[in-house]
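Worksheet: the structure to be examined is printed underneath.
The values are calculated or read from the model by the stated rules, or taken from the named source; none is laboratory data. Predicted, not measured: the structure shown is a model, and the values here were computed from it. Cβ sites come from the backbone with ideal geometry, for glycine too, and all protein chains shown count toward neighbours.
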Number of protein chains: 2
Amino acid sequence: MPEFRKDPVLGRWVIIATERGKRPTDFEAPSEQSRGGFCPFCYGNEDKTPPEVMAYREAGSKPNGPGWWLRVVPNKFPALRVEGELDRRGEGMYDRMNGLGAHEVIIETPDHEGRWGWYTDRQVQEILWAYRDRILELSKDKRFCYFMLFKNKGKEAGASLDHPHTQLIAIPTVPKRVREEIKGGKAYYDFRERCVFCDMIAEEISSGSRVVMENRGFISFAPFASRFPFETWILPKRHETHFERIDRDDIVDLAPILKGTLRMLQECLNNPPYNFIIHTTPCNEGALPHYHWHIEIMPKLTKVAGFEWGTGFYINPTPPEDAAEFLRNLREGNVEDLSTRRASSA
Amino acid sequence: MPEFRKDPVLGRWVIIATERGKRPTDFEAPSEQSRGGFCPFCYGNEDKTPPEVMAYREAGSKPNGPGWWLRVVPNKFPALRVEGELDRRGEGMYDRMNGLGAHEVIIETPDHEGRWGWYTDRQVQEILWAYRDRILELSKDKRFCYFMLFKNKGKEAGASLDHPHTQLIAIPTVPKRVREEIKGGKAYYDFRERCVFCDMIAEEISSGSRVVMENRGFISFAPFASRFPFETWILPKRHETHFERIDRDDIVDLAPILKGTLRMLQECLNNPPYNFIIHTTPCNEGALPHYHWHIEIMPKLTKVAGFEWGTGFYINPTPPEDAAEFLRNLREGNVEDLSTRRASSA
């Protein structure tokens, strides 16, 4: 069983795979990308994944067979195991607990070549519904208090399979970064009696220079203290704490902003590797006045990462104002022609 | 001038290059590695770097000419500028200040092909003296309160030049990660009245399973909650807070541990890309009872990084006990034969 271990200085929990640890030679092996043409997530290969836990499929079609447009399956190589209890215990001065958690994969589309920038609004809505449905389902399990939805796109961003997919991890502890965000939000709230994210939205709309897209319900912008070139955040304009509480109207509003922003990044940066992560409130917290769910998109353009990991000290070579302008120019210019461009390149 | 910008939620300062920001096409350019054979750090090319600020060189040899075995030069493309004042100011709800700081490069050796695992003990000592000398010199400038020494080795670890070098950044603010470590150490000290790092050293020596090397003054081990495969930390066994206060005896003890550990990683993992970072106490703090300087070495073996940056949630596929055992086996087995191996491969 994998286990959680706590750093005694920082209080950060780390997942350690104790079962079959990677040996030195495993890291020298050729990249998983080169495993050849077979893709377990493609249409027709439904029996090559663990049995699906949910799917959106044609009426009458059978689970784990064709007829689907979105499938959710357990990760075949999960970082965590869903069985058992936490069993918190010490080892000398250290703390550990069982690596309890769920690790699922949302297969976004049957199309191996699919990209967010090319999805229809309807496809994006379906993916968002799937995110919500899985969190709501997993949150029935009272052992879990946090749900992390994240996408690794491209090898450089950590994806081991090319087929478009998102991962969902359910864990019994709140990640340090999320705790810090909530604490930071609380400190701001205590001082101003306003949500720092709501203030940021107002500030961004008023200054305008970092805004990428905006509609009735959502806004995307390059944050003032962006860590990475073209880092972009998406927030609901109304104060909302839990991603999984989005309703139909929210999904209709979020879809074009998420898709549009990713499309701009895709076009502006030549289909870059990227991560996006949904930051949401732990499910055992109520509607906090000081935290606001949001999506952080981080294109992986630079290699200067190892140092940044280690120090939390980031150096960003592209000002967010410039990044937002590049993206906005694309929108105003030729984004609308992209369907044509895609057709001609296909 | 570059600027520091503060994230309003997390309180993290980020450096934004505002002068000539990287444009989208800059990221598509071929890697800097492919710039051809010329290396500005090589012997004989002294006029291709900014003028040296320090060098260890033969008596009678002239600055910025041959005759050196170690040179320190300002970074030609500094992340920070040494001129001016901080000029803290607001912009709407946000905080910014001038990107004031020093950014130097320690050219460790004239040998382009040099590696830590191959250096003599004497060479390593010289490099450590240079680290110390530069911090002591820069700490005369009262605008700076933190000194960050870090090495990016290999393109995957963020190095843009192959020639062996270390970077030193002097900044007017303490990085968030360091503040958190000090705070974590303080919390532990308040509870137990002992240094958490001193306790860790005792625990590691007593359990033994994660120890890599040890001598009179220093120990290297794979930390209990390692974030990355083969992550290794080096600590002085005596409680010491400031790296720059090391003396001759410390340097004599540290050299074989640092070199030996990097040599094991080099041999075990086929000369991997890695970062090492010296974590030390801010120079405006006294000898804190709850913080302990140390070196964190992070081989860059996995690509699953983007997600980890974004969440602080790490998944490590190699248990530290296994990593330490692989490294120790190498030491007991054939590390002593490496000089032969090198000679035969040359």
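Checking the stretch A:177-187 against the condition returns a match, with at least one residue being more than 27 Å from A:LYS48 (Cβ to Cβ), in contact with a strand residue (DSSP E or B) (Cβ under 7 Å, 6 or more places away or on another chain) and either surrounded by fewer than 22 Cβ atoms within 10 Å (Cβ to Cβ) or not acidic (Asp, Glu) (or both). Annotation for the stretch A:151-173: at least one member residue is surrounded by fewer than 21 Cβ atoms within 10 Å (Cβ to Cβ), farther than 30 Å from B:GLY92 by Cβ and more than 14 Å from chain B (Cβ to nearest Cβ). Of all residues in the stretch A:314-328, none are in contact with a His (Cβ under 9 Å, 6 or more places away or on another chain) and facing chain B (nearest Cβ under 10 Å). For the stretch B:277-325, a tally of residues being modelled with pLDDT under 95 and β-branched (Val, Ile, Thr) returns 5. Quick check: is even one residue across the stretch B:9-23 more than 7 Å from every other protein chain (Cβ to nearest Cβ), modelled with pLDDT under 80 and part of a loop (DSSP other than H, G, I, E, B)? Yes, the stretch B:9-23 contains a residue that is more than 7 Å from every other protein chain (Cβ to nearest Cβ), modelled with pLDDT under 80 and part of a loop (DSSP other than H, G, I, E, B). Checked against (1) out of contact with any helix residue (DSSP H, G or I) (no Cβ under 9 Å at 6 or more places or on another chain); (2) on the phi < 0 side of the Ramachandran plot, B:GLU193 passes all but condition (2). Looking across the stretch B:254-307 at every residue that is out of contact with any strand residue (DSSP E or B) (no Cβ under 7 Å at 6 or more places or on another chain) and of a type in the set (Lys, Arg), the one that is nearest to the other protein chains (Cβ to nearest Cβ) is identified as B:LYS303.
Among the residues of the stretch B:243-253, just one is in contact with a Phe, Trp or Tyr (Cβ under 6 Å, 6 or more places away or on another chain) and surrounded by fewer than 22 Cβ atoms within 10 Å (Cβ to Cβ), namely B:ASP253.
Just one of (1) surrounded by 17 or more Cβ atoms within 10 Å (Cβ to Cβ); (2) more than 30 Å from B:GLY158 (Cβ to Cβ); (3) without any contact (Cβ under 8 Å) to a residue 12 or more places away in the chain fails for A:CYS195. It is (3). Restricting the stretch A:204-253 to residues that are assigned to a loop (DSSP other than H, G, I, E, B) and small (Gly, Ala, Ser) leaves a set whose member that is farthest from the other protein chains (Cβ to nearest Cβ) is A:GLY217.
In this structure, is A:ILE106 within 9 Å of chain B (Cβ to nearest Cβ), of a type in the set (A, V, I, L, M, F, W, C), in a strand (DSSP E or B) and under 22 Å from A:THR281 (Cα atoms)? The answer is no for A:ILE106. The selection criterion, being closer than 30 Å to A:THR302 by Cβ and among the hydroxyl-bearing types (Ser, Thr, Tyr), does not hold for A:THR120.
Restrict the check to the stretch B:109-119 and report whether at least one residue is surrounded by fewer than 21 Cβ atoms within 10 Å (Cβ to Cβ), assigned to a loop (DSSP other than H, G, I, E, B), touching a residue at least 12 places away in the same chain (Cβ under 8 Å) and in contact with a Cys (Cβ under 6 Å, 6 or more places away or on another chain). So far as the stretch B:109-119 goes, yes, one or more of its residues are surrounded by fewer than 21 Cβ atoms within 10 Å (Cβ to Cβ), assigned to a loop (DSSP other than H, G, I, E, B), touching a residue at least 12 places away in the same chain (Cβ under 8 Å) and in contact with a Cys (Cβ under 6 Å, 6 or more places away or on another chain).
For the stretch B:60-100, residues that are hydrophobic (A, V, I, L, M, F, W, C), within 14 Å of chain A (Cβ to nearest Cβ) and assigned to a loop (DSSP other than H, G, I, E, B) total 4. Looking at this structure, is A:PHE41 modelled with pLDDT of 95 or more and surrounded by 15 or more Cβ atoms within 10 Å (Cβ to Cβ)? So A:PHE41 passes the test. For the stretch B:254-273, filtered to residues that are at negative phi and in a loop (DSSP other than H, G, I, E, B), the residue that is farthest from the chain's Cα centre (by Cα) is B:LEU269. Does the stretch B:140-147 contain any residue that is closer than 19 Å to B:LEU80 by Cα and within 13 Å of the chain's Cα centre (by Cα)? Yes; the residues of the stretch B:140-147 include at least one that is closer than 19 Å to B:LEU80 by Cα and within 13 Å of the chain's Cα centre (by Cα). Is it true that A:ARG177 is outside any loop (DSSP other than H, G, I, E, B) and within 11 Å of chain B (Cβ to nearest Cβ)? In short, yes.
Among the residues examined, A:PHE147 qualifies as at pLDDT 95 or above and surrounded by 20 or more Cβ atoms within 10 Å (Cβ to Cβ).
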